[in-house]
Amino acid sequence: MTDDAPSDHSDALPPFVRGLLDPAAYPHRPEAVTLVQTHISYVWLAGDYVYKAKKPVNFGFIDQVSPAARDRHCHLEVDLNRRLAPDVYLQVVAIIRTPDGRFLIDAPPSIEGERVESAVKMRRLPDDRTLDRLIEADAVPWDIAERLASKLVAFHAEARTVEDDRAFAGAGAERAWWTREVGEAEGNIGGTWRAEDAAALSAFVDDTLDRERALFDERLAQGRIVEGHGDLHAKHVYVLGSKPEDLVIVDCIEFTEWFHFRYLDAGFDAAFLAMDLEARGRRDLGDEVVGRYIAATSDETMGVLQPLHRAYRAFIRGKVESIGAGDAGIPRAERDALAASASRYFALAATLASRRRGPALIVLCGLSGTGKSTVGGVLAGRIGAAVVSTDAVRRDLARARGLSTAMWQEYEAGAYSAEMDRLVYEEMRRRARAHLRAGRPVVLDGTHRRALDRREALAVAREEGAPSLVVELRMTDDAALARVVNRERLRGDADEPDAAAFRRHAQDFEGVSSREGNVLALNAAQELVDLAEQIEEALD
């Protein structure tokens, strides 16, 4: 639950920090105590517990110079982190100095002393179960991306939202945030931040902020700005077992309500994790988390901002670690390591910025169960695309008409009638045209079982002067049926297909022909990220 390596016992440390290195300062008498420092905290690893006190610092984005601010941040840390780690964050305790000059923490009320600082008391989790350690040990659970995406979807669904505060979020706030952040980081240019990386990132951000101005305001109005985690990297994820409750996420941002810290676009949390996993050599995991999140939420435009959000987060890590590299209270070897890490994050930010694609249309097609939605989500996060899904469009149109969206119980009826199909694909093409005109790539996610629907989608690309690609995900009928049945059972959905209905669905699919244009046929049994990567390569 910390950010850096153990510190030495420097005489520059405040007396109470040195005093708490004595195991006798703790009520449970640990065998040993290790001090760890971040740029904003002192952390003592004391046996089965961890204690954290705030440093009296002001970096602009965080001001906790006053004792009252530090105490408030301690209470916020406990309250906010209980959302994702309810059994870890125990309480706020006092650090006291006794009349004989000793420092004690978490002492019983019967012991007299002057309160000198507040601290957070946490249950200590096993160091070898953090996601970054599991990556190093090549011991990452096979289903971790799906579990992380599910955890984040549920977390954001319950989070507080900001829906109409343009001084706080939206296009103007995005611009103000970037102006402030890059201004605070400019002193690192020529040091931890190479000038060419700074120039590339700044050009990308400025262009995106101008081009996507309307989108930032749209996502604010849609309730996509949530009180999230804000600091979601792999060392804050603990994998303690295989149950949902065994996935524990710690150390959220508590110290400010500023936009992009505690309150942020929901896509930022997923982007932070994706960026950090890539920095640790597991881009595949990060891409899959984002893809599964987009598929689960039907968030049409989250992918558009992923290159920006991931680059932002790499930039922030570069900035934060540069601050640590300049902290004289941290040992020299640790400062050097932080400086090197900061340079890598700044360079990664420029790399992430370069991945955004120009306008293009990708038509995903294939039987139900072939994984189109998740593959589309992975691809969108990789290239900055919108994802227009038949499921989401049909749900909107059906709700307006009072129709059930049970596909298999009313096959080719109700929301799945021929007339509704026509309306759904017509609306998808309308949205695709709007995204292309906004300068974005767009993925059309649907069975596209009729060749006519595919041709009409490609016509939109031709009319808008954008390249296009038809991608068919192929799988045997039996394998696709098994996937659909398993999916519906996991959802607890009663709309489970029988074999006869699914056979009709398969027979109705009109095979893709090379005469339709640029066509790519892929075996859907491959890994999701591999499929998305092949589609991305085909776009070249």
Handout entry: Cα-projected label distance for E186 with R124, points at 7 Å along beta-carbon direction, nm
Key = 4.5
Handout entry: L520 - accessible surface, heavy atoms, 1.4 Å probe, Å² rounded to 10
Key = 40
Handout entry: A479-N518 FRET efficiency (beta carbon distance; Förster radius 35 Å; 0.05 resolution)
Key = 0.85
Practice task
Step through the table entries K151/K243; K52/K243; K55/K151, compare each Cα-Cα distance with 21 Å, and write down the pairs that go over it.
Solution key: K52/K243; K55/K151
Exercise for the section: Please give the residues of the range 22-51, grouped as numeric ranges, whose backbone N is less than 17 Å from a label point set 7 Å along the Cα-to-Cβ vector of T98. Expected result: 22-30
Handout entry: Rounded, prolate or oblate (a/c below 1.5 giving rounded, otherwise prolate when a/b exceeds b/c) for the range 292-384 by Cα gyration tensor
Key = prolate
Handout entry: Dipole of the range 35-97, positive direction: furthest Cα of V93, V50, Q64, with charges on the beta-carbon
Key = Q64
Problem - Q91 versus W142: modelled label distance in nm, points set 7 Å from Cα along the beta carbon direction - result: 4.5
Practice task
Give me the distance between the Cα centres of the range 324-352 and the range 163-233, rounded to whole Å.
Solution key: 21
Practice task
Tell me the label-point distance for the pair N486, D540, using the 7 Å Cα-to-Cβ offset, in nm and rounded to one decimal.
Solution key: 3.2
Practice task
First compute the accessible area of the range 134-280 with a 1.4 Å probe, then give the percent of it belonging to carbon and sulfur atoms.
Solution key: 49
Practice task
Starting from the eigenvalues of the Cα gyration tensor, five times each then square-rooted, give me the equivalent ellipsoid semi-axes of the range 117-195, largest first, whole Å.
Solution key: 32, 24, 18
Completion exercise
Measuring from its Cα centre, the range 85-235 shows a charge dipole (+1 at each Lys and Arg Cβ, -1 at each Asp and Glu Cβ) which, in debye to the nearest 20, is 460
Handout entry: Point-charge dipole on Cβ atoms (K/R +1, D/E -1) for the range 15-68, about Cα centre, debye to 20
Key = 100
Practice task
Let me have the 222 nm mean residue ellipticity of the chain computed from DSSP H runs of 4+ only, each contributing -39500 (n - 2.57), with the sum over all residues rounded to the nearest 500.
Solution key: -14500 deg cm²/dmol
Problem - Cα gyration tensor, the range 277-316 - rounded (a/c under 1.5), prolate or oblate - result: oblate
Handout entry: Beta bridge orientation in the chain: antiparallel %, DSSP, nearest 5
Key = 65
Completion exercise
hull vol. (C-alpha, convex hull) per residue for the chain, Å³ -> 154
Problem - Dipole magnitude of the chain, debye to nearest 20 (Cβ charges: Lys/Arg +1, Asp/Glu -1, about Cα centre) - result: 520
Exercise for the section: Just name one of V36, I135, A203: the one whose Cα is farthest towards the positive end of the charge dipole of the chain (beta-carbon charges, Lys/Arg +1, Asp/Glu -1). Expected result: A203
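The values are calculated or read from the model by the stated rules, or taken from the named source; none is laboratory data. Please read these numbers as outputs of a predicted model, since none were measured by experiment. A quick note on method: Cβ atoms are made from the backbone with ideal geometry, for glycine too, and the neighbour counts reach across all protein chains shown. Remember, those area values only see protein heavy atoms, side chains included, never the ligands or the DNA or RNA. Shrake-Rupley method; radii C 1.70, N 1.55, O 1.52, S 1.80 Å.
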